[in-house]
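Here is the structure we will look at.
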Amino acid sequence: VARCPVSGGPGPGPRTGPACAMAVAAPEDDIEPVPFQVADEVGGESGQSRATFFVPKGSAAKLVEQPLQKGGAVFPLLRGKEGEAPKGLAADQEFVYAVFISPRPERTADALARRIARRLADPDGAGAAAGECVVC
């Protein structure tokens, strides 16, 4: 079975599909991450973190449709509820969040924030999947 050159996951062939080609051509560091906060998950398992991402109003519904992927892990995004608005949320923003366990939660959250920023910049294009290799 061929492997995706980005994720290492199974795919029909090397570098097939626009997402894989875009992922190889577009490094993750070329885009500014969306603003985010990281904290321990209240009431969660030991070691769980919650990364909260501040996104433009009207974008959360689209963002939560597909999970993010990083390093072979899948990170479902959840839409924040109005009554749970984090400190610092602007009037023109809403928020999404992911709960995960990571030895370096800030670094993981930064990588996820960059993937979210890429999706916001190109919500329907192959660039939205860059780094995720969802077509492979």
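Residues of segment 50-81 that are at pLDDT below 95, polar (S, T, N, Q) and over 11 Å from the mean Cα position of the chain (by Cα): none at all.
Identify, please: which residue in segment 52-99 is farther than 17 Å from ASP110 by Cβ, in a strand (DSSP E or B) and touching a helix residue (DSSP H, G or I) at 6+ places or on another chain (Cβ under 9 Å) and is, among those, most open to solvent (accessible area, probe 1.4 Å)? For segment 52-99, the residue satisfying everything is ARG79.
Residues of segment 29-39 include at least one that is of a type outside the set (Lys, Arg), within 13 Å of ARG119 (Cα to Cα) and at pLDDT below 95.
The values are calculated or read from the model by the stated rules, or taken from the named source; none is laboratory data. Everything numeric in this text was worked out from a predicted model, so none of it was measured. Cβ: placed from backbone, ideal geometry, glycine included. Neighbour counts: every protein chain shown. Just so you know, the surface numbers come from the protein's heavy atoms only, side chains and all, with ligands and any DNA or RNA stripped out. Shrake-Rupley method; radii C 1.70, N 1.55, O 1.52, S 1.80 Å.
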